[in-house]
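Let me begin by presenting the structure, written as structure tokens, before commenting on it.
The values are calculated or read from the model by the stated rules, or taken from the named source; none is laboratory data. Computed from a predicted structure; not experimentally measured. Ideal geometry is used to build each Cβ from the backbone, glycine not excepted, and the neighbour counts take in all protein chains shown. Heads up: the accessible areas ignore ligands, DNA and RNA and are worked out on the full protein's heavy atoms, side chains in. Shrake-Rupley method; radii C 1.70, N 1.55, O 1.52, S 1.80 Å.
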Amino acid sequence: ADAFHMLFDCTALAIGLWASVVAQWPASERFTYGFGRVKVLSGFINGVFLLFIGSFVLLEAFQRLLAPPDIKSDKLLVVSVLG
């Protein structure tokens, strides 16, 4: 779970960095308004991505409520305390 969390955070940061670089590009003949709106579009993409991930987590939570898995808590407690 933590690895996926880090993957999603890094992806969001990469999209934001890319949008910040592209937003500095000067206007062209095709994009006469410039590229400033790329920041807004990247924020929208990140928001849609977060909604997708959030709905997946919510679905997984409901499935675990209906059929809870057996968890061996002896090692889990040690790792949690150390973390």
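Results, tabulated for the structure shown:
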{"quantity": "Cleavage-rule hits, chymotrypsin sites (Phe, Trp or Tyr not before Pro), region 26-83, DSSP coil, Cβ neighbours within 10 Å at most 14", "calculated": "31, 33"}
{"quantity": "Carbon plus sulfur fraction of accessible area for the chain, probe 1.4 Å, in percent", "calculated": "72 percent"}
{"quantity": "Helix 73-82 vs. the chain, principal-axis angle (Cα, 0 to 90°, nearest 10)", "calculated": "50 degrees"}
{"quantity": "Charge dipole magnitude, Cβ of K and R +1, D and E -1 - the chain, Cα centre, debye nearest 20", "calculated": "220 debye"}
{"quantity": "Per DSSP, loop trypsin sites (Lys or Arg not before Pro) in region 1-56 with at most 15 further Cβ within 10 Å", "calculated": "30, 37"}
{"quantity": "Fully extended contour minus Cα-Cα distance, from residue 71 to residue 24, at 0.36 nm per residue", "calculated": "11.9 nm"}
{"quantity": "Using alpha-carbon coordinates, inclination of helix 2-23 to the longest axis of the chain, degrees", "calculated": "10 degrees"}
{"quantity": "Charge dipole (the chain, unit charges on Cβ, about Cα centre) - positive-most of 63, 22, 73", "calculated": "22"}
{"quantity": "Anisotropy class of the chain from Cα gyration tensor, a/c 1.5 cut", "calculated": "oblate"}
